[in-house]
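Before any comments, here is the structure.
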Amino acid sequence: MLRKMISAFNAELDSLSSQLKDPIQRRRLFKFLLVHLVIILAAAVCVYPLLRIFSVSLRPGDKLFSTDLSLVPAGATFKAYASLLKDTMFLRWLWNSLVITIATSVIGVSLASTAAYAFSRFRFPGKKAGLILLLSSQMIPAGMLILPLFLMIMKLKLMNTYLGMIIAYSVSSLPFSIWILKGYYDTIPRSLEEAALVDGTSQVGAFWRIILPLSTPALSIAFLFNFTTAWNEYLVARVVLFSSKQYTWTLGLFELQGQYITQWGMFAAGSMLVTIPVLCVFLYSSKWLISGLTLGSVKG
Amino acid sequence: MEILRSLYEVVWFIVLIALGVGALEGYFYYHFKFHDRRWFFPAALAAFPLAALAVSAPLSAPSFAHWLWFLGAEAVVAAAFRWIVRGRHTLPYLLLAPAFVGLALLLVYPFVFEFYLSFHDLKLTTIMMWKNTGRIPFVGLDQYIKVFTTSPLSEVTFWALLGRTLLWTFTNVFFHVLGGFALALLLNNSIRFKGVYRTLLVIPWAMPQVVAVLAMRGEFHATNGFVNIVLGKIAAAFPFLAHLGVGPVQWLSDWPLTTCTIINIWLGIPFMMVVILGGLQSISSSYYDAADIDGATYFQKLRFITLPLIRPVLMPAVTLGTVWTFNNINVIYLVTGQAGGTEQADILVSALYKAAFTYNRYSYSAAFAIVVFALLFFISVTYLHGFDAAKEER
């Protein structure tokens, strides 16, 4: 890919030198350079902190605090990664996060998919109130629900367990998922279902065989949204989980960033290991994400 | 804990009874086709409490509260039977049920519980009493008065926090939209490497927020952060700028709110960019062609074509962004929340979190949360109302 980019850039340069003489061409060139310059600058600002974490994670243990700005530091090693995997329970934390997050997302998406269908296709008393409830639930301050949730989980004796975390997380992104899925279902023509109904399926059958397969992009967006919310959460986790064996990776990284001594090398290595898979999934699905976010609202 | 436990048991007991009696009742209704009759409701409401009372009277002396419970439970059963089990709306309600049961248990119930707490006095000194006896002193509106007159932390008042929050929300959303719009416009050109650029530009959004914020916090570190290193180099290279005051700054201790704002702007632009880009791509190019024939300038096209057509996409995103920014606890808590963090950057929601979990003033923070919720609700309703009005105008 890099080679392709370089050759494309060379071709661009070749055509540039011939264009410089014509004033219209010159203006176009100026615009071209300006647009690319601004975007490259913005992209640098976006990417740089990530690269810096990478560079910190490569630093040898005695040079963690330096004013060196080079991306690959002198004497780069992967020691921080090795000690992170060996000396801490990092893999265990990742596993905890993964279990909790996937369970949460599956529950969240399945609840949202049926509820959104009800909102999209039926008229029933309480529909508007339900939608308003969903919208206003977004306005509840994050810190507000933690204490009652904590008491509830304590009451159910689910402190420090996967199940407690899954229960606490399961509805947190439900309103947003329902909203997105409803917007998507609205764009699927009703005639498809009507045809299926004429052919003899039930309404539930039509939903299961027609609507759900057609809305795969929206379902994956909802899944992604649920996934990232639960994956990155730490405020609830901080209250519910207290033994470091059960920590999610967010709490684990916090522990490395201790009160007085911060294990910067390990912290950076852990951040990289956590970020890269999420980044890949996110970038892979970003096309769907864009269409899904705007579909519901374009209709206005 | 006692009150929760007894409440829990009572609720379970009632649910079990209601399920049993409801099933029995439903069988009778179904069998005799009662539910279509006009006298279904009054008869059900009258008959059921009498029967229930006859069953439970030997167990305990009936009181007014019993009557109310039975009446309420019966109303629910009868209504459920009429509209949900046998009605036209069976399917949508069944489809909605799991999601709304979840929301009721994990969102509405905690909300109501906070409401209950806000009229009582639960704090570190009374929590043991609550655990042992299940009782907390009732204080009426005291907590609400305290919200407006005392500080949730150690020095900042509610009003200062409110002003700071509004400033924070406005600045952030403004720059999110501005930056997102500018980048979306640039990306909407037919340029080379568009996909690569877009991929790179969404990275702040795609990174786990904890990592992103802590990494940015590192960049604002007084001696090892990128920002200060660069500022120091600029000051060293151009002495006259150093005279004007350009140079390394104690970002985290002297300018915490500014730092948080910069970090949050950095985090929030990609979302807006993506949303706006989606909107821009849905605008048909024929409008621009027509405007070109009429000789419109770039800014005229922007003002009269792009902005009005992008509005339906932009407004919901801005509303959502406003609510999210207002409620954004992550950035501020992660930047200033740890050991010895300052209060100078706290906005309403982060002060709320600290009041509850650093200072253990549970009831106070409950009242505080209710106030914040009401405020936000009011703001968004006005916002959406304005949006609807604008839509009708169009």
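The values are calculated or read from the model by the stated rules, or taken from the named source; none is laboratory data. For clarity, every value in this text was computed on a predicted model and none was experimentally measured. All Cβ positions, glycine included, derive from the backbone under ideal geometry; neighbour counts span all protein chains shown. All accessible areas refer to the heavy atoms of the entire protein, side chains included, with ligands and DNA or RNA removed. Shrake-Rupley method; radii C 1.70, N 1.55, O 1.52, S 1.80 Å.
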Condition test on residue B:319, is it in contact with a Cys (Cβ under 8 Å, 6 or more places away or on another chain), assigned by TED's automatic domain parsing to the domain that holds residue B:197 and either open to solvent by 30 Å² or more (accessible area, probe 1.4 Å) or at pLDDT below 85 (or both)? no
Which residue, of B:269, B:329, B:276, B:283, is of a type outside the set (Lys, Arg), within 12 Å of chain A (Cβ to nearest Cβ) and over 30 Å from residue B:165 (Cβ atoms)? B:283
Cβ-Cβ distance below 7 Å, separation of 6 or more or different chains: which pairs start in the stretch A:114-143 with a residue that is open to solvent by less than 20 Å² (accessible area, probe 1.4 Å) and end on one that is among the polar types (S, T, N, Q)? A:139/B:380; A:141/B:327
Would you confirm, using the coordinates I've provided, whether residue A:179 is open to solvent by less than 40 Å² (accessible area, probe 1.4 Å) and either more than 19 Å from residue B:109 (Cβ to Cβ) or among the basic types (Lys, Arg) (or both)? no
Please tell me if residue A:196 is hydrophobic (A, V, I, L, M, F, W, C), touching a helix residue (DSSP H, G or I) at 6+ places or on another chain (Cβ under 6 Å) and free of Cβ contacts under 8 Å to residues at least 40 places away in the same chain. yes
Being at pLDDT 75 or above, open to solvent by 40 Å² or more (accessible area, probe 1.4 Å) and under 24 Å from residue B:196 (Cβ atoms), is that true of even one residue in the stretch A:85-102? no
Quick check: is even one residue across the stretch B:294-311 touching a residue at least 24 places away in the same chain (Cβ under 8 Å) and in contact with a helix residue (DSSP H, G or I) (Cβ under 6 Å, 6 or more places away or on another chain)? yes
Determine if the stretch A:20-41 includes at least one residue that is among the aromatic types (Phe, Trp, Tyr) and either over 30 Å from residue A:80 (Cα atoms) or touching a Lys or Arg at 6+ places or on another chain (Cβ under 9 Å) (or both). yes
Is at least one residue of the stretch A:25-46 farther than 20 Å from residue B:204 by Cα, at pLDDT below 80, of a type outside the set (Phe, Trp, Tyr) and not in a helix (DSSP H, G or I)? no
Hey, any hits in the stretch B:377-392 for a residue that's within 12 Å of chain A (Cβ to nearest Cβ) and modelled with pLDDT of 85 or more? yes
Give the residues of the stretch B:170-193 that are open to solvent by less than 10 Å² (accessible area, probe 1.4 Å) and more than 9 Å from chain A (Cβ to nearest Cβ), sorted by residue number. B:172, B:180, B:184
Pull up the stretch B:194-208, narrow it to residues that are at the interface with chain A (Cβ under 7 Å from one of its Cβ atoms) and not hydrophobic (A, V, I, L, M, F, W, C), then point me to the one that is nearest to residue A:40 (Cα to Cα). B:197
Inspect the stretch B:216-238 for any residue being of a type outside the set (Val, Ile, Thr), touching a Pro at 6+ places or on another chain (Cβ under 7 Å) and within 8 Å of chain A (Cβ to nearest Cβ) and give the result as yes or no. yes
Wholly within the stretch B:144-235, which helices (runs of 4 or more DSSP H) include no fewer than the required count, namely at least 2 residues that are assigned by TED's automatic domain parsing to the domain that holds residue B:335 and free of Cβ contacts under 8 Å to residues at least 24 places away in the same chain? B:158-187, B:194-201, B:209-219
Scan the stretch B:287-306 and tell me whether some residue there is buried (at least 19 other Cβ atoms within 10 Å of the Cβ) and part of a helix (DSSP H, G or I). yes
Within the bounds of the stretch A:288-300, is there any residue that is modelled with pLDDT under 80, of a type in the set (Gly, Ala, Ser) and in contact with a Leu (Cβ under 7 Å, 6 or more places away or on another chain)? no
